[in-house]
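**Q** Below: one structure in structure tokens.
Just so it is clear, none of the values below were taken in a lab; they were calculated from the coordinates. The structure presented is a predicted model; accordingly, all values stated were derived computationally and were not measured. Glycine gets a Cβ as well: all are built from the backbone with ideal geometry, and neighbour counts include every protein chain shown.
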Amino acid sequence: MTKTKILIRGALALALAGALMTAVLAAPAQTPDPTPQTMLARTPPMGWNSWNHFHCGDSESLVEAQAKAMVASGMKAAGYEYINIDDCWQGKRGPHGNIHPNSRFPNMKAMGDYIHSLGLKFGIYSSPGPKTCAGYEGSYGHEAQDARTYASWGVDYLKYDWCSAREVYKPDQMQAAYEKMHQALVATGRPIVYSLCQYGLQRVWSWGPSVGANLWRTTDDISDHYDRMILIGQEQNGLGRFAGPGHWNDPDMLEIGNGGMRPEEEETHMSLWCLLSAPLIAGNDLTKMTPQTLAILTNPDVIAVDQDPAGNEGYRVWQEGPLQIWMKVMADRSRVVGLFNLGFSPEPITVNFGQIGVGSTEQVRDLWERKDLGTFHGSYTATVPGHGVVLVRITDN
Ligand code: GLA
């Protein structure tokens, strides 16, 4: 073999090794599915959580009122199911280490029974660290015991928030800390949805399923402002291949109805979360919803996008300055397309059918309006308000 040939072969081998390495690094962790755990969340969980609106101000009577309102308002009929208490319910541990709730939650078992009596499910919150983020008692050193306590109260969902765990675990022990609680939950024999909250550290999406997670937060906390919400939403692009039935990326809970966003901004929030197959955990006061808030949270055409059984996550297919097009492929191969205007004044946005892999003649339905718009050839154009969205479903003739 000549020297040149050897050099060429060497270069080819190096290139091949490089390509293989890139492929290995880019490949998502193998996600076994279905498993008993992944069967608990075939579609993204839907429910309510106390944190975004009430922070540490919740109580047993308040939570029960939210559960009642979930049914009375029509939220339950729209698919919302979990009533989740967040931080601040914990009291002290008893002499044998059993966790007790504080005085605002006099009877957890009775509260769980009440939630179940309404046909809803009960979620709770803890931390792998000694303290929760708000400084209440965490589960460190009591994982199996706490899991058994939750099961005895009828808990169906656990949000497990890293918080002070950073003080007792090294970063490379994070996965083991999460796995430990997963095993503790499994050992109770009660099916419990497992929600990781560690703000997206260490590319959690690449290992969440391997520690039994049904969902994992991909970001730091949301707040009730358009700028924060839209930044989080944008950051989800590219995470789709890590999610699917049983295991979901969680860009945090909804802020719809909390007063900090205009209706068109709230429609943007809901549309983006549904395109992303995000868990839909309402974070407002369900006992005091305006008809507009309720309409945004319960539009059946929009919820069907989130709950589509294929569980594909949407992604951005086009961007020009503040104008963006996101697309999600549905189980029936129709496309849901979000035309987003991140600017301040109305702008027309055109989606070309070639751009989203469909034929030249398509039916278009406006999902917020719940109206069939008819047949379109080659493209569809809508004028989108500033900070707003037009969400359409595009179906073959
Ligand atoms: C963290 C979480 C929030 C909430 C609070 C409670 O900030 O990310 O969702 O649970 O803790 O203290």
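**Q** Could you put Val204, Val186 in order, starting from the residue whose Cβ has the fewest other Cβ atoms within 10 Å? Numbers along the way, then the final one.
**A** On the way: Val204 24, Val186 16.
Ranking Val204, Val186 by Cβ neighbours within 10 Å, fewest first, gives Val186, Val204.
**Q** Give me Ser61, Ser195 sorted ascending by neighbouring Cβ count inside 10 Å, so fewest comes first.
**A** Ser61, Ser195
**Q** Pairs on different chains or at least eight residues apart, Cα atoms closer than 20 Å: how many lysine pairs in the chain fit?
**A** Count of close lysine pairs: 18.
**Q** Follow-up. Relative contact order for the chain: what is it in percent, counting Cα pairs under 8 Å that are at least 6 residues apart?
**A** Taking the mean separation of contacting Cα pairs over the length of the chain, I get 14 percent.
**Q** Another question, if that's okay. Would the range 46-306 count as rounded, prolate or oblate if I go by the C-alpha gyration tensor, calling it rounded below 1.5 in a/c and otherwise prolate when a/b exceeds b/c, oblate otherwise?
**A** On the way: a/c = 1.72, a/b = 1.21, b/c = 1.42.
Oblate.
**Q** Helix-derived [θ] at 222 nm for the chain: sum -39500 (n - 2.57) over DSSP H runs of at least 4, divide by residue count, nearest 500? Intermediate results must be reported in sequence, preceding the final value.
**A** Numbers: 12 runs with 123 residues, N = 397.
Helices in the chain give a 222 nm mean residue ellipticity of -9000 deg cm²/dmol.
**Q** Are there DSSP H segments in the chain that both extend 30 Å or more along their axis (alpha-carbon positions) and score a mean Kyte-Doolittle hydropathy of at least 0.0? List them, or say none.
**A** Result, helices passing both filters: 3-26.
**Q** For the range 70-92 and the range 269-290, compute the distance between their C-alpha centroids and round to whole Å.
**A** The range 70-92 and the range 269-290 have Cα centres spaced 13 Å from each other.
**Q** Can I ask one more? What ranking do Asp221, Asp308 get, fewest neighbouring Cβ atoms within 10 angstrom at the top?
**A** Sorted ascending by nearby Cβ count, the order is Asp221, Asp308.
**Q** Considering the zone a paramagnetic label at Gln234 would reach in this model (a point 7 Å from Cα along the Cα-to-Cβ line), which residues of the range 330-369 have amide N under 20 Å from it?
**A** From the range 330-369, the list is 338-350.
**Q** Of all trypsin sites (Lys or Arg not before Pro) in the range 60-103, which ones are in loop regions per DSSP and have a Cβ with at most 14 other Cβ atoms within 10 Å?
**A** Those that pass, being in a loop and sparsely packed, number zero.
**Q** Okay, next question. Please report the net charge: other residues with Cβ closer than 13 Å to the Cβ of Lys180, K and R +1, D and E -1.
**A** -3
**Q** OK, next. Report the Cys residues of the chain lacking a disulfide-compatible partner, meaning no second Cys Cβ under 4.7 Å from their Cβ.
**A** Cys with no partner Cβ under 4.7 Å: Cys197, Cys274.
**Q** Further, regarding this structure: Please report the net charge: other residues with Cβ closer than 9 Å to the Cβ of Met261, K and R +1, D and E -1.
**A** My count for the surroundings of Met261 gives -4.
**Q** Which trypsin sites (Lys or Arg not before Pro) from the range 354-397 combine a DSSP loop assignment with at most 14 other Cβ atoms within 10 Å?
**A** In loop regions of the range 354-397 (DSSP not H, G, I, E or B), the sparsely surrounded trypsin sites (Lys or Arg not before Pro) are Arg370.
**Q** Same structure, new question: For the range 314-396, what ratio Rg/Rh do Cα atoms give with a Kirkwood hydrodynamic radius?
**A** Here Rg/Rh amounts to 0.94.
**Q** In the range 255-357, which trypsin sites (Lys or Arg not before Pro) fall in coil by DSSP and have 12 or fewer other Cβ atoms within 10 Å?
**A** Sites meeting the loop and neighbour criteria: Arg333.
**Q** I would also like to ask the following. Give me the net charge for the shell around Val168: Cβ to Cβ below 13 angstrom, other residues only, Lys and Arg +1, Asp and Glu -1.
**A** That works out to +2.
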